[in-house]
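Student: This is the structure I want to talk about, given as structure tokens.
Read-outs: derived from the displayed coordinates by stated rules, not from any lab. Predicted model, so just to flag it, every value in this text is computed and none were measured. As a convention, Cβ positions derive from the backbone with ideal geometry for all residues, glycine included, and neighbour counts pool all protein chains shown.
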Amino acid sequence: MQQISAFSRPQTVPAVPTTVPKKNLWILDSWRDLLFYVGTPLLLVPMFALAQARWSAQDIYLFVAAFGATGHHLPGMIRAYGDRALFERFRWRFIFAPIFLVMVCLAFVWWDLKGIVLVVFFWGVWHGMMQTYGFCRIYDAKTGSFAALTRRLDFASCAVWFATAVLLSPQRMADTLETYYASGGPFIRPELLRGAQQALFAAAIAVSILFVANFARMWVIGKRPNPVKLALLATSITFWWYCNNGVANILAGIALFEVFHDVQYLSLVWIYNRNRVEKDSSIGGFMRFVFRRSGSLVGLYIGLVFAYGSLGYFKETEIETIKRFLTGVVRRIYLESARALDARTSRSCRWQRRSASRTVSAQLALAWLEMGSGICRPTERTLDRTNPKHYARSGARRFCSARPAHERTRAFAVRVGFGR
């Protein structure tokens, strides 16, 4: 009780109870954080196991790299160039950084430098590691944990474990060293590489011990870090290790972690931009239209990401598709023309025509040998399908041998003087 006095006689009033607001440990809530940020790998592993039963690792990687890796750039660009306040804050960076990157890529392509592959690889590892570190700091901010030592140990734990998983991965190191030597890098002695692997693994163990000790110390003195951060670090680092060392095909491993990375990023960007639109009335236009509380707009957001990513997918496949289509068309025209001409000429004239057109036929055979091996299966089946009645009437039965297409091509090439 406390005493108060004014112009009246003293009286007592009950003290106002002081309540500390309960801290929220989650970015969204418990089940959505576990679904989108922390426990996502537990869902991805069985999903990819089912996907690999139907599609190859290369197909999965191509799809994820296009629709995921390329598509998830779109929300970042919407935020950078659609948020006026953010653009004003980093105007020159947003203007000149893309120009600089384009010039660097053009220089590498112009001089045929392989080092750009290494640059992209190291950037990818750094990018994935920094996103995990960023989520650690977001979760600690929820509980008011801003100690400098905690922040540094978060960064060190992410950096050393991500690097160790790559350095101890046989497939990753084989690809990286191959690219490194193709770029003109000096020879690295095997014992030096083994020493680096052992030293980095020992450093990872030491950093982990320091991290746990600091976490316990901060918990005891009352400046508790967010326990959800521990779960996030455990699942992210373990999943990164599994994708680099536990997956038989490294392309499937890259695709696995890319999906995890994209789910985290896309959901966080949606929540952040939606809060920005609700709190800042100066944001308008396309950002205000897309980032609103609506299930249909979430679908639109995901659709835009996939549409943008499809540009990368079709860029990779359209050249091969066009080549296969044109090859099939040329082959179809040639076979139909030959059959029609055989039906109208006598046996002696046929041999004379074949002798006169041998050069053209040989060139077509070589072109087919070079390009036609990639003809898509539906086209190949259509071209190889026989019609006995038609061939019996036209006298062109010899053109429709029951042997596979590649064997017929080989025989045709040998007959005209190639591939002996």
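Student: Grab the other residues whose beta carbon is less than 15 angstrom from that of ARG32, score K and R as +1, D and E as -1, and report the net.
Tutor: +1
Student: With the dipole of region 194-315 worked out from charges on the C-beta (+1 for Lys and Arg, -1 for Asp and Glu) around the Cα centre, which of ASN275, LEU210, LEU230 lies farthest toward the positive end?
Tutor: It is ASN275.
Student: Okay, next question. Listing ILE302, ILE283 from the residue with the fewest other Cβ atoms within 10 Å to the one with the most, what is the order?
Tutor: By the 10 Å Cβ count, ascending: ILE302, ILE283.
Student: Please state, as a whole number in µm²/s, the translational diffusion coefficient that the Stokes-Einstein equation yields for region 235-285 at 10 °C and 1.306 mPa s, with Rh defined as the Kirkwood radius across alpha carbon pairs.
Tutor: 123
Student: Provide the packing ranking of 118-129, 230-241, i.e. peptides ordered by the mean count of other C-beta atoms within 10 Å per residue, highest first.
Tutor: Result, highest mean first: 230-241, 118-129.
Student: Counting other beta carbons within 10 Å of each Cβ, put LYS23, LYS142 in order, fewest first.
Tutor: In increasing order of surrounding Cβ atoms, one gets LYS23, LYS142.
Student: Another question, then. Which order do peptides 203-212, 58-67 fall in by mean Cβ count within 10 Å, highest first?
Tutor: So the peptides 203-212, 58-67, ranked by packing, come out 58-67, 203-212.
Student: Rounded if a/c is under 1.5, else prolate if a/b beats b/c, else oblate: with a ≥ b ≥ c from the C-alpha gyration tensor eigenvalues square-rooted, which is region 170-305?
Tutor: oblate
Student: Hey, what do the phi angles of region 48-54 turn into as Karplus ³J(HN,Hα) couplings, whole Hz, using 6.51/-1.76/1.60 and θ = phi - 60°, x for Gly and Pro?
Tutor: Couplings: 6, 4, 5, 5, 5, 6, 10 Hz.
Student: So how much slack lies between THR238 and TRP126, counting 0.36 nm per residue of separation and subtracting their Cα-Cα distance, in nm?
Tutor: Fully extending the segment from THR238 to TRP126 adds 38.7 nm.
Student: Based on Cβ point charges of +1 for Lys and Arg and -1 for Asp and Glu, what charge dipole magnitude is obtained for region 30-317 about its Cα centre, in debye rounded to the nearest 20?
Tutor: 1080
Student: Relative contact order for region 30-317 using alpha-carbon pairs under 8 Å, separation at least 6, rounded to a whole percent?
Tutor: For region 30-317, the relative contact order is 38 percent.
Student: Using each residue's phi in region 128-138, evaluate 6.51 cos²θ - 1.76 cosθ + 1.60 at θ = phi - 60° and report the 3J(HN,Hα) Karplus result to the nearest Hz, with x for Gly and Pro.
Tutor: Residue by residue, region 128-138 yields x, 5, 5, 5, 4, 4, x, 5, 4, 5, 5 Hz.
Student: Of LYS223, LYS279, how do they rank once you tally other Cβ atoms within 10 Å and put the fewest first?
Tutor: Going from least to most buried by this count: LYS279, LYS223.
Student: State, to one decimal in nm, how far the label point of ALA196 lies from the label point of PHE96, with both points 7 Å from Cα in the Cβ direction.
Tutor: Taking the two extended label points, one gets 3.3 nm.
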